[in-house]
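Structure, as structure tokens:
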Amino acid sequence: MTASPETKAALQRLSLTGFLTLLLIALMMGANHVAARTAFNHGVDVVTAVVFRSSVTALVVALILWQQKVSFHLTGRQQKKLLVIGALIAVQSVCLYSSVARLPVALALLGFNTYPLTTALWARLLYGHRPERAVLWAMPVLLLGLALALDVLGAASGLGAAQHWGQIGVGVAYALAASATFGLALVITQHEAAEVDGRLRTFTTMATVAVLAGVVAFSQSGLHLPNAPLGWWGLGALTFLYGTAFTIMFTVLPKLGVVGNSAIMNVEPVFALVLAWALLGQSIAMVQVIGALVVVATVMWLGLRKR
């Protein structure tokens, strides 16, 4: 079958501009989490980071909506579903940053990157969708790679399984919780809010996250601001990087016609691994690096396969 002119054009755009844009987004997302770890190391708590990040992103997207005159009209059902999606992303954001605060950044992101599996599980449970054969084949490979990356037996760390999991268990639990909530948000978005403009959906999600995180922060001890200049750099960088990456993702990518190839952005843990080693001094054993590459390659294969 001959590809349509539109398909050929999209592939041509992907070959350079689109591909580089996707890699840029992955780099910024990985750097965002490294910056977050820097902020956490200097007095910032997880909820404060989520408040700053989500508030600024919501404001930027709101300005884009206003400038592009996007309609804010939503049905009652859409409003309810978007609130649910926003609440799920709020939980996912807190869980993922909580994992980043406890684990090497790359390992936290690898645990989160199991979300293709949790997405398939939620789709099966909520909508009766059978997982594609490719997903079923990928599951054991993905889990094997994750087991190597996390050093589940404690061999690479030399601590033994019990002591090793005593150190990483809570962080891994947070990463998997982030994966589960994000997968659920994706499934609900696909089935209940797919017709909502992506820019408007992003704004409502980020605004909901900002409000919920703010309520949690001020119902406890308020915002925990940095106690050192490096913490301010980290907080500012994570806010800028996250907001910029999301703005590009929902305003530039649709025009480039490369949304179907967004799995390329799953190289984010690899970028995070390099940045965390260079900037934070974090390193993991070679067998863990191999496991990380297995996870990344499997997730990218799932996203880029022909359907």
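Miscellaneous remarks
- Filter pass, residue 149 being under 15 Å from residue 173 (Cβ atoms) and of a type in the set (A, V, I, L, M, F, W, C): no
- Residue pairs whose Cβ atoms lie under 7 Å apart, sitting 6 or more positions apart in sequence or on different chains, and linking a residue in region 83-109 that is free of Cβ contacts under 8 Å to residues at least 24 places away in the same chain to a partner that is in a helix (DSSP H, G or I) and crowded, with 22+ Cβ neighbours inside 10 Å, do not occur here.
- Residues that are farther than 29 Å from residue 173 by Cα, assigned to a helix (DSSP H, G or I) and touching a residue at least 24 places away in the same chain (Cβ under 8 Å), drawn from region 62-82: 62, 64, 65, 77, 78
- Hits in region 216-242 (condition: surrounded by fewer than 18 Cβ atoms within 10 Å (Cβ to Cβ) and either hydroxyl-bearing (Ser, Thr, Tyr) or touching a strand residue (DSSP E or B) at 6+ places or on another chain (Cβ under 6 Å) (or both)): 219, 221
- Qualifying residue in region 219-235 (condition: within 20 Å of the chain's Cα centre (by Cα) and at pLDDT 95 or above): yes
- Residue within region 47-61 that is surrounded by 18 or more Cβ atoms within 10 Å (Cβ to Cβ), outside any helix (DSSP H, G or I), among the basic types (Lys, Arg) and in contact (Cβ under 8 Å) with a residue 12 or more places away in the chain present: no
- Meets criteria (within 30 Å of residue 73 (Cβ to Cβ) and part of a helix (DSSP H, G or I)) for residue 93: yes
- Of all residues in region 151-166, exactly one satisfies the criterion of being at pLDDT 85 or above and surrounded by 14 or more Cβ atoms within 10 Å (Cβ to Cβ), namely 165.
- Of all residues assigned to region 173-191, at least one qualifies as being surrounded by 19 or more Cβ atoms within 10 Å (Cβ to Cβ), of a type in the set (Gly, Ala, Ser) and in contact with a Cys (Cβ under 6 Å, 6 or more places away or on another chain).
- Contact map, region 128-143: first residue closer than 12 Å to residue 299 by Cα, second residue among the hydroxyl-bearing types (Ser, Thr, Tyr) and surrounded by 13 or more Cβ atoms within 10 Å (Cβ to Cβ), Cβ cut-off under 7 Å, separation 6 or more or different chains; pairs are 138/298; 141/298; 142/114; 142/298.
- Helices (runs of 4 or more DSSP H) fully within region 129-221 counting 3 or more residues that are more than 18 Å from residue 47 (Cβ to Cβ) and in contact with a Phe, Trp or Tyr (Cβ under 6 Å, 6 or more places away or on another chain): 161-192, 198-219
- For the residues 189, 114, the requirement of being farther than 21 Å from residue 293 by Cβ, touching a helix residue (DSSP H, G or I) at 6+ places or on another chain (Cβ under 8 Å) and polar (S, T, N, Q) singles out 189.
The values are calculated or read from the model by the stated rules, or taken from the named source; none is laboratory data. Treat the numbers as computed from the prediction; the structure is a model and nothing was measured. Neighbour counts are summed over all protein chains in view; Cβ atoms, including those assigned to glycine, are modelled from backbone coordinates with ideal geometry.
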